[in-house]
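Quick one: structure below, then a few questions.
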Amino acid sequence: MQRRLAPRFAAVLLLASAVAQAADPNPISETKRQLMLELFELTGGERSGDQVMEVMFAQMEQSQGAMIEQVVAGTSGLSPDEQSALREQLAGAQGLFAKFRTRLPERIDFQELMQTVVMPIYDRHFDEQDLREMVAFYRPPAGRTAVSLLPQITQETMQGVTEKLQPKLLDLVQEIITEEAAALAKAGSS
């Protein structure tokens, strides 16, 4: 069974790695590359790989049951009892998710992957002068404080917007449901 699962995960990871490491016909100058690395470090880029991995793990954990069901259903040659045992084994504390969570960081350097992805994006959007100015902003204490507080500020902002917006959204949903119910009642009486 593990031999059948491994190629699926390996193919996805290999494809992601290949796309990220595709040869760039326009190499980045060494000066610009060094500025990007410094900006990456100043803005907490070394943590972004870990953050991406944690978000991915959280999403996987939420969909673990459906993923296991899909994998087990797609595995041929197992009796119903074997399928049931496999479901239990994969869903257990030492199952698929736990093993994947342990092994993935051993096989993929997410910090390197993030740099491989981020550098071409920064290269497209920022010239050397832009990068120098951003490094100059983020290097002093105020810039480092901004970097450290932006995630919290973003979270608080999203929470505040959600709290203010939710009643209005619920009113809109209720309005639409009322209209649809009236339209159904009218169509039923015709």
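The values are calculated or read from the model by the stated rules, or taken from the named source; none is laboratory data. Predicted model only: the values in this text are computed from it and were never measured. Methodologically, a virtual Cβ is constructed for each residue, glycine included, from the backbone with ideal geometry; neighbour enumeration extends over all protein chains shown. Accessible surface areas use protein heavy atoms only, side chains included; no ligands, DNA or RNA. Shrake-Rupley method; radii C 1.70, N 1.55, O 1.52, S 1.80 Å.
Going residue by residue through the stretch 143-162, is there one that turns out to be within 19 Å of the chain's Cα centre (by Cα), charged (D, E, K, R) and under 17 Å from G45 (Cβ atoms)?
So in the stretch 143-162, the residues within 19 Å of the chain's Cα centre (by Cα) come out as 150-152, 154-155, 158.
Retained after the next criterion (residues that are charged (D, E, K, R)): none.
No, the stretch 143-162 has no match at all.
Then there is this: Could you check the stretch 82-97 and list, in sequence order, the residues that are in contact with a helix residue (DSSP H, G or I) (Cβ under 7 Å, 6 or more places away or on another chain) and closer than 12 Å to E69 by Cβ? Lay out the reasoning, then the answer.
Pass one, the stretch 82-97, residues in contact with a helix residue (DSSP H, G or I) (Cβ under 7 Å, 6 or more places away or on another chain): 83, 86-87, 90-91, 95-97.
If the condition is that a residue be in contact with a helix residue (DSSP H, G or I) (Cβ under 7 Å, 6 or more places away or on another chain) and closer than 12 Å to E69 by Cβ, then Q83, L86, R87, L90, A91, L96 are the ones that fit.
Restricting to the stretch 127-140, and then to whatever is open to solvent by 90 Å² or more (accessible area, probe 1.4 Å) and in a helix (DSSP H, G or I), can you tell me which residue is nearest to Q51 (Cα to Cα)? Break it down stepwise before answering.
So in the stretch 127-140, the residues open to solvent by 90 Å² or more (accessible area, probe 1.4 Å) come out as 129, 132-133, 137, 139.
Still in the list and also in a helix (DSSP H, G or I): 129, 132-133, 137.
Details: Q129: 29, R132: 26, E133: 26, F137: 23 Å.
Among those residues, the one meeting the criterion is F137.
Can I ask one more? List pairs: first residue in the stretch 141-170 and in contact (Cβ under 8 Å) with a residue 24 or more places away in the chain and open to solvent by less than 70 Å² (accessible area, probe 1.4 Å), second residue of a type in the set (S, T, Y) and assigned to a helix (DSSP H, G or I) anywhere in the structure, Cβ distance under 7 angstrom, at least six positions apart or on different chains.
Short answer, once both residue conditions are applied: V147/Y138.
Just one of M60, M36, M56 is at pLDDT 85 or above and outside any loop (DSSP other than H, G, I, E, B); which is it? Step through it out loud before you land on a result.
Numbers: M60 fails: at pLDDT 85 or above; M56 fails: at pLDDT 85 or above.
When all the criteria are applied, what remains is M36.
Give the residues of the stretch 138-171 that are among the aliphatic types (A, V, I, L, M) and over 25 Å from L39 (Cα atoms), sorted by residue number. Lay out the reasoning, then the answer.
Kept after step one, since they are among the aliphatic types (A, V, I, L, M), are these residues of the stretch 138-171: 142, 146-147, 149-150, 153, 158, 161, 165, 169-170.
Hits for the stretch 138-171 are M158, V161, L165, L169, L170.
If you don't mind, there's one more thing I want to ask. Return the only residue of E88, E54, E82, E69 being open to solvent by 50 Å² or more (accessible area, probe 1.4 Å) and within 30 Å of L37 (Cα to Cα). Steps first, please.
Details: E88 fails: within 30 Å of L37 (Cα to Cα); E82 fails: within 30 Å of L37 (Cα to Cα); E69 fails: within 30 Å of L37 (Cα to Cα).
Exactly one of E88, E54, E82, E69 is open to solvent by 50 Å² or more (accessible area, probe 1.4 Å) and within 30 Å of L37 (Cα to Cα), namely E54.
Considering the stretch 91-126 alone, what residues qualify as being among the hydrophobic types (A, V, I, L, M, F, W, C), loosely packed, with under 15 Cβ neighbours inside 10 Å and not in a helix (DSSP H, G or I)?
Across the stretch 91-126, the qualifying residue is only A93.
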